[in-house]
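Q: Before I ask anything, let me first share the structure, which is written out below as structure tokens.
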Amino acid sequence: MLTCACAGGAQAAEGDWLVRIRALHMSPSNDNSTTTVVPALGEVKAEDKLFPEVDISYFFTPHIAAELILTVPQKHDVELGGVNIGSVKHLPPTLTLQYHFNPEGSVRPYAGIGLNYTRFSGVKLDAGTVLGGSVPLTMDRSSFGWAAQLGVDIQLAPQWFLNLDAKYVKIDADIAVKGAGVPVTRLDVDPLLLSVGLGYRF
């Protein structure tokens, strides 16, 4: 019967999975809680970064979906008082639960909230360029924090979507003098992530 085409018809035709490839710009807030060793030298800062990202979404219902956001480890230069002191890599997988407001329309806005886990590696930090001599620094190896997002999928063709997405993620880490364990600062990276990409639903 023709009347069997119901609210879930569009989702059934498109499938429950949506995969996107996005270009993402990461802009850290770089808030420093305190600087106990070198208070006069300014803040520790991680640079902005542009990198590729892949996310996989599964729709439990037309309105409710879970999204896993993945990328490869990203290298960031780090500054202390405006001077480069080295670099660090981070891997920030994020899982969000989303609500899609208009799941059958050509314009499909959504909002999400979830959890981020960031793994820091390749930490090569030395404040000697600022302080003189060699002052190697350590950084926390991992961070758990919440994440929030707003986005929209714009249908370009059956199963194909243009995606615009904005996320705020809570990421922080203690930075200390290596060996002595003396804290320099607590760096709140807390980035704003703006991305654009292409999605395919199946």
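Q: When the solvent-accessible surface of protein heavy atoms is calculated with a 1.4 angstrom probe, in what order do Ser27, Ser143 fall, highest first?
A: Ser27, Ser143
Q: How many nm separate the modelled label positions at Ser87 and Leu194, each set 7 Å beyond the Cα in the direction of the Cβ?
A: Those two pseudo-labels are separated by 2.5 nm.
Q: Same structure, new question: Please work out the average accessible area per residue across the chain, using the 1.4 Å probe convention, and give it in Å².
A: Accessible surface, normalised per residue, equals 49 Å².
Q: May I pose another question? Calculate the spin-label point distance for Glu47 paired with Glu104, positioning each point 7 Å from the Cα along the beta-carbon direction, and give it in nanometres.
A: It is 5.0 nm.
Q: Mind listing the long-range amide H neighbours of Trp146? Cut-off is under 5 Å, sequence gap 5 or more, other chains count too, H placed in the peptide plane at 1.01 Å from N.
A: HN-HN under 5 Å from Trp146: Asn116, Lys170.
Q: Something else now. Give the whole-number value, in cubic angstrom per residue, of the convex hull volume spanned by the C-alpha atoms of the stretch 95-198.
A: Output value, Cα hull per residue: 113 Å³.
Q: Something else: Whenever you get a sec, compute what percent of the accessible area on the stretch 60-105 sits on carbon and sulfur atoms (1.4 Å probe).
A: 65
Q: Something else: Going out from 0 in 10 Å bins, what whole percent of all Cα-Cα distances in the chain drops into each bin?
A: 9, 33, 25, 16, 11, 5, 1, 0, 0
Q: Would you mind telling me the share, in percent, of accessible area of the stretch 157-202 contributed by carbon and sulfur at probe 1.4 angstrom?
A: 72
Q: Okay, helix-only estimate at 222 nm for the chain: each DSSP H run of n ≥ 4 adds -39500 (n - 2.57), divide by all residues, round to 500 deg cm²/dmol; what do you get?
A: -1000 deg cm²/dmol
Q: Measuring from a point 7 Å past the Cα of Trp17 along Cα-to-C-beta, which residues in the stretch 88-131 have an amide N at less than 20 Å?
A: Residues passing the 20 Å test: 94-98.
Q: For Leu24, what residues show an amide H to amide H distance below 5 Å, using hydrogens built from the backbone and excluding near sequence neighbours?
A: Result for Leu24 returns Phe51, Glu53.
The values are calculated or read from the model by the stated rules, or taken from the named source; none is laboratory data. Values in this document were obtained by computation on a predicted structure and should not be read as measured data. Quick reminder, even Gly has a Cβ in these numbers, built from the backbone with ideal geometry, and neighbours come from all protein chains shown. In case anyone asks, the SASA skips ligands and DNA or RNA and just uses the protein heavy atoms, side chains included. Shrake-Rupley method; radii C 1.70, N 1.55, O 1.52, S 1.80 Å.
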